[in-house]
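The values are calculated or read from the model by the stated rules, or taken from the named source; none is laboratory data. Remember, it's a predicted structure, so these values are computed and weren't measured experimentally. Cβ atoms come from the backbone with ideal geometry, glycine included; neighbour counts cover every protein chain shown. When the accessible area is computed, the model is the full protein with side chains, heavy atoms only, and any ligands, DNA or RNA have been set aside. Shrake-Rupley method; radii C 1.70, N 1.55, O 1.52, S 1.80 Å.
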Amino acid sequence: MPNHYYRDLYLKLQGLNQSYKTVDEYHKEMELAIIWANVVEDREAIMARFLNGLNRDIANVVELQHYMELEDMVHMATKVERQL
């Protein structure tokens, strides 16, 4: 693949946010973007990336908790989303 292809994918990943998507849709899009851009990040960096892209109302609740795994964070964000 040409370098500009990976650069474009990486830029898309950098600007990714939940916006009008559900938490699950956002999470899946983020995971695919990470795979397509061939990005290798540690667990904490991925969790921070996910939290940063969430809609503020959801992120404010989720960031008050301590998480060890991204899946737990996604689960909590989904619960919060249902309550809003």
Residues of region 13-53 that turn out to be more than 26 Å from residue 1 (Cα to Cα), open to solvent by less than 20 Å² (accessible area, probe 1.4 Å) and among the hydrophobic types (A, V, I, L, M, F, W, C), as a count
3
Between residues in region 56-84 that are over 15 Å from residue 46 (Cα atoms) and residues that are of a type in the set (A, V, I, L, M, F, W, C) and open to solvent by 100 Å² or more (accessible area, probe 1.4 Å), which pairs lie under 8 Å by C-beta distance while being six or more apart or on different chains?
57/84; 58/84
Check on residue 46, part of a helix (DSSP H, G or I) and either touching a helix residue (DSSP H, G or I) at 6+ places or on another chain (Cβ under 9 Å) or of a type in the set (Phe, Trp, Tyr) (or both)
yes
Residue that is of a type outside the set (A, V, I, L, M, F, W, C), over 12 Å from the mean Cα position of the chain (by Cα) and in a helix (DSSP H, G or I), where the choices are 20, 10:
10
